[in-house]
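Undergrad: The structure's right below; bear with me while I get my questions together.
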Amino acid sequence: MAKKPKLAVWKFASCDGCQLSLLDCEDELLAVADHITIANFPEASRAVLDGPYDLSLVEGSITTPHDRDRIQQVRSQSKCLVTIGACATAGGIQALRNFTDVREYMDIVYASPEYISVLQTSTPIADHVPVDFELRGCPINKNQLLEVINAFLNGRRPNVSTNSVCVECKKRGTACIMVTHGTPCMGPVTHAGCGAICPAYNRGCYGCYGAMETPNTSSLAGWMRDLGVSDYELQRMFRTYNAEEPAFRQEGDRYGPEDT
């Protein structure tokens, strides 16, 4: 009888939300468990099996020297490595510290900052090791996650849409809130996956899923300005969950002083 492939789930700097999305699969996860061995998943079980692993799911960004070394070990033990969520794919909300001096914050927060070992920046996993696939979102879409697991365990490319949130608005029959209400929205440049939840409730997309494929961020910024959005507000819109995503980082750097 052939051995079932091994799945490992790893956590770096993050809130655990993407791992919880996997646990939220419930019945689907039980079905997946019949075809794989969950070898390392602390959120689900204390039992840990040694590698190598056929598929590793990595949540979180690299923020400490220890984690910078640890991700190298994870990569060496993993046949396929998939990053899940905004922290792992774009540095996460903690990447906002990349625009300032992290030591200044440490002096304010910690009584003895000299004992804290931390990197100046929060960076995506792909900045440190080769990554086989990036699954975006804050948190990720559980159905997309199941597709990714199924695809890699069956030796094919995941069928995850590279469209923008605008396409999802059209699918659910939501009128464009920028056109109809003049509401600033990141949807035109944001990767699909959430189901366009915010626009369905007349709120602009916040860009939780990061940049779509080939986003025209400068064109969107022009639309935003026509709606009365200031340069300072534009910078803040591009510096959120995916602050270190290249397209968002580049556009955000166009507006306002670096310390805003």
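Derivation of every value follows stated rules applied to the coordinates shown; laboratory data play no part. For clarity, every value in this text was computed on a predicted model and none was experimentally measured. Ideal geometry is used to build each Cβ from the backbone, glycine not excepted, and the neighbour counts take in all protein chains shown.
Undergrad: For the chain, compute the orientation-averaged projected area of the C-alpha convex hull (one quarter of its surface), in nm². Numbers along the way, then the final one.
TA: Values: hull surface 62.2 nm².
Hull-based average projected area comes out at 15.5 nm².
Undergrad: If you don't mind, there's one more thing I want to ask. For segment 6-153, what ratio Rg/Rh do Cα atoms give with a Kirkwood hydrodynamic radius?
TA: Numbers: Rg = 15.9 Å, Rh = 15.9 Å.
Rounded to two decimals, Rg over Rh is 1.00.
Undergrad: Can you give the angle from 0 to 90° between the axis of helix 65-76 and the longest principal axis of the chain, with both taken from C-alpha atoms, to the nearest 10?
TA: Approximately 60 degrees, to the nearest ten.
Undergrad: Round to the nearest 10 and give me the degree value, 0 to 90, for the angle of helix 217-226's Cα axis relative to the longest principal axis of the chain.
TA: 40
Undergrad: Only loop residues by DSSP count here, and only those with at most 14 other Cβ atoms within 10 Å; note down the trypsin sites (Lys or Arg not before Pro) in segment 1-94 that meet that.
TA: Numbers: sites: 3, 6, 11, 46, 68, 70, 75, 79; in loops: 3, 46.
For trypsin sites (Lys or Arg not before Pro) across segment 1-94 that sit outside H, G, I, E and B with at most 14 neighbouring Cβ atoms in 10 Å, the list reads 3, 46.
Undergrad: Let me ask something else about it. What's log10 of I(q)/I(0) for segment 7-83 at q = 0.13, 0.18 Å⁻¹, Debye sum over Cα points only, no solvent?
TA: So the normalised log intensities are -0.38, -0.74.
Undergrad: Going through segment 1-75, which GluC sites (Glu not before Pro) have at most 11 other Cβ atoms within 10 Å and a DSSP loop state? Each step should come with its number before you reach the end.
TA: On the way: sites: 26, 28, 43, 59; in loops: 26, 43.
Sparse-neighbourhood loop GluC sites (Glu not before Pro): 26.
Undergrad: Let me ask something else. Is it possible to state the helix-based mean residue ellipticity at 222 nm for the chain, with each DSSP H run of 4+ residues giving -39500 (n - 2.57), the sum divided by total residues, to the nearest 500 deg cm²/dmol? What is it?
TA: Values: 12 runs with 91 residues, N = 260.
Calculated from helices alone, the mean residue ellipticity at 222 nm is -9000 deg cm²/dmol.
Undergrad: Can I ask one more? How high is the FRET efficiency from residue 28 to residue 105, r the C-beta distance, R0 35 Å, rounded to 0.05? Could the numbers behind the result be given before it?
TA: Working: r = 40 Å, r/R0 = 1.15.
Calculated transfer efficiency: 0.30.
Undergrad: I would also like to ask the following. Springs between alpha-carbon atoms under 10 Å, Gaussian network over the chain: tell me which of 244, 168, 114 tops the mean-square fluctuations.
TA: Looking only at 244, 168, 114, the largest GNM fluctuation is found for 114.
Undergrad: What are the chymotrypsin sites (Phe, Trp or Tyr not before Pro) within segment 60-134 that DSSP puts in a loop, where the Cβ has at most 12 other Cβ atoms within 10 Å? Working shown, then result.
TA: Values: sites: 99, 105, 110, 115, 133; in loops: 110.
Passing both the DSSP loop test and the Cβ count: 110.
Undergrad: Under 19 Å Cα to Cα from residue 79, which lysines show up? Leave out anything in the same chain fewer than 8 places away.
TA: Filter leaves 3, 4, 6, 11.
Undergrad: Please state, to two decimals, what the Cα-based radius of gyration of segment 165-252 comes to when divided by 2.2 N^0.38 Å (N = residues).
TA: Numbers: Rg = 11.8 Å, N = 88, 2.2 N^0.38 = 12.1 Å.
Cα Rg divided by the expected 2.2 N^0.38 Å: 0.98.
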